[in-house]
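Participant: One structure coming up, written as structure tokens, with questions to follow.
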Amino acid sequence: MSALQRVGRWLAGPIPVSIVLAFLIGACFMLIAGVDPLNGYAAMLQGSFGTGAGLANTLQRAVPIIGIGIAIAIAFRAGVLNLGTEGQAGLGALAGGIVAIYVPGPGLLVLLLALVTAVVVGAAWGLIAAVLQNLLGVPILLSTLLLNYPARYFSSWLIRFRLDESSSDLVASDQVRPEVQLSMIVPRDSGFAETLRGSLGATNPITMVLTGVNWSLIVLILVVIATIFMNRRTRYGFESGLSGQNAEFVRYGGVQPGPLVLRTMALSGGLAGAFGLMLVIGAPNTRLIEGYFVQTNYAWTALLVTLLALYRPVGIVIAGTFFAAIMVGSDAMGRELGLSPQIAAVIQALVIILLAFRVALPRFRRRRAASDGATAPPPLPTPGEPQPALTGAGVAEAAESAPEKESER
């Protein structure tokens with residue numbers, strides 16, 4: 001199959017079709033609101049990628065979505081349904097933020113200590129769910145979802161009643177020292193920044209990205225590369241991938257599922273905690289603010305991104321950037337056309353719903369055909385012709401399994 005045929009086959013697949021349908025339905029909502037859809041989507045594209053500031057905002061917003069999405073994908077790929085990244089990232093941000101704000105010492109050393117603290121706390125919160133499943137049989141899907149609530153309310157209580165700075169108008173902690181923050185890739189007041197502005201222009205996309213996005217973008221790139229290497233080149237990546245496809249096969253191969261779940265939840269929770277911290281102390285953010293991480297809804301957006309990308313790191317990068325662009329573009333559309341930025345949430349939800357429908361419908365048809373074939377009487381053989389090797393339920397099973405094997409390839 002040629003490259004052009006592969007591209008055409010992908011464009012006819014469920015993901016592009018679902019995205020196009022979601023935008024068409026979003027256009028209907030714009031017409032109801034009295035806005036020209038062409039003008040609306042042009043403003044969205046211009047606000048997210050058309051300017052240097054829009055590109056910088058899109059990348060800055062995509063970093064936590066992609067980072068937490070990678071954390072979710074590591075767990076889902078191993079068949080561990082971790083829905084608790086909101087709590088893991090929130091507690092990691094809280095613990096690491098406390099270290100960054102209140103621990104004295106050299107800035108770089110305190111920053112590294114805060115990052116290690118966030119990873120440890122996020123991993124520990126994830127391990128609670130793994131231990132509950134291994135010892136008591138509590139499903140991780142349920143325990144991780146419920147553990148989000150104590151993490152959320154404990155963080156709010158601690159910031160409001162123990163860390164709140166009375167001089168601030170916000171319910172927030174003291175400020176993070178500038179030397180402890182994750183600064184911009186190129187500090188805005190540095191000589192290199194002035195050189196970029198003088199040679200490329202103040203609004204040039206390169207200038208805006210380097211001076212408007214902090215070092216969490218570089219960390220994210222390294223994490224994505226490390227995840228790809230882990231999935232393809234390490235024993236853990238091989239075992240976790242097989243476990244997600246067939247846990248019984250991995251168990252027969254000598255891999256203990258309990259320790260695998262512990263390692264997976266520790267890795268997933270620790271990564272979520274790290275990106276939660278980078279969201280809090282990465283410039284221009286400087287405080288622990290009550291409810292900030294929950295209000296951003298990054299954890300649940302990351303879950304949608306992971307499902308859309310089918311747990312693949314490169315796909316998560318593309319889908320996360322796409323969702324971040326919708327969010328930033330919707331804000332710009334709201335400023336220019338007076339349309340509610342909630343249209344971003346509508347489009348995101350429509351993409352996932354339509355994708356789930358497009359994926360589930362062929363499977364439903366195959367299962368229905370299989371059940372009809374199982375109940376139908378076998379055809380009478382024609383004299384003089386060889387009888388088929390499979391009849392009745394066997395044909396139905398082969399018809400059902402063949403597309404699934406082809407899709408797995």
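Participant: Picking from 202, 88, 14, whose Cα lies most toward the positive end of the charge dipole for the chain (charges on Cβ: Lys, Arg +1; Asp, Glu -1)?
Facilitator: Farthest along the dipole direction, towards plus: 14.
Participant: Between the stretch 249-316 and the stretch 215-233, how many Å separate their Cα centres?
Facilitator: Spelled out, the Cα-based centre of one part sits 13 Å from the other.
Participant: Taking 0.36 nm per residue of sequence separation and subtracting the Cα-Cα distance, how much length would be gained by fully extending the chain between residue 300 and residue 248, in nm to one decimal?
Facilitator: 15.7 nm
Participant: Could you give me the percent of Cα pairs per 10 Å distance bin for the chain, shortest bin first, beginning at zero and ending with the bin that holds the maximum distance?
Facilitator: Computed distribution, short to long bins: 5, 18, 26, 25, 15, 6, 3, 1, 0, 0.
Participant: Can you give the accessible area per residue of the chain, in Å², using a 1.4 Å probe?
Facilitator: Roughly 52 Å² per residue, with all protein chains present.
Participant: Still on this structure, I have one more. Over the chain, what is the mean sequence separation of C-alpha contacts under 8 Å (at least six apart), divided by residue count, expressed as relative contact order in percent?
Facilitator: 30
Participant: Peptides 311-321, 10-20: what's the order by average Cβ count within 10 Å, highest mean first?
Facilitator: 311-321, 10-20
Participant: Now, a different point. What is the local net charge at residue 93, summed over the other residues whose Cβ is closer than 13 Å to its Cβ (Lys, Arg +1; Asp, Glu -1)?
Facilitator: It works out to a net charge of 0.
Participant: Can you give me the solvent accessible area of residue 250 with a 1.4 Å probe, rounded to the nearest 10 Å²?
Facilitator: 10
Participant: Please report, in debye to the nearest 20, how large the charge dipole of the stretch 168-283 is about its Cα centre when each Lys and Arg carries +1 at its beta carbon and each Asp and Glu carries -1 there.
Facilitator: 500
Participant: Say the dipole of the chain comes from +1 at the beta carbon of Lys and Arg and -1 at that of Asp and Glu; which of 275, 56, 315 then lies farthest toward its positive end?
Facilitator: So the residue we want is 315.
Participant: Placing unit charges on C-beta atoms (Lys and Arg positive, Asp and Glu negative, everything else neutral), compute the dipole magnitude of the chain about its Cα centre in debye, rounded to 20.
Facilitator: 680
Participant: So, one more: Test of understanding: express the Cα radius of gyration of the stretch 162-303 as a ratio to 2.2 N^0.38 Å, with N the residue count.
Facilitator: Cα-based Rg divided by the globular estimate yields 1.43.
Participant: Oh, and also: Using a 1.4 angstrom probe on heavy atoms only, work out the carbon and sulfur share of the accessible area of the chain in %.
Facilitator: Within the chain, the accessible surface is 66 percent carbon and sulfur.
Participant: Compute the orientation-averaged projected area for the stretch 110-209 from the convex hull of its Cα atoms and round it to one decimal in nm².
Facilitator: Hull-based average projected area comes out at 10.4 nm².
Participant: Show me 241-247, 275-281 ranked by packing, highest mean number of other Cβ atoms within 10 Å first.
Facilitator: Going by the mean number of other Cβ atoms within 10 Å, highest first, we get 275-281, 241-247.
Participant: Just how many % of Cα pairs in the stretch 238-331 lie over 16 Å apart, if you round to the nearest whole percent?
Facilitator: 69
The values are calculated or read from the model by the stated rules, or taken from the named source; none is laboratory data. These figures come from a predicted structure and were not determined experimentally. Here the Cβ is made from the backbone with ideal geometry for all residues, glycine too, and neighbour counts use every protein chain on show. Each accessible area value is taken on the protein alone, full model and side chains, heavy atoms only, with ligands, DNA and RNA left out. Shrake-Rupley method; radii C 1.70, N 1.55, O 1.52, S 1.80 Å.
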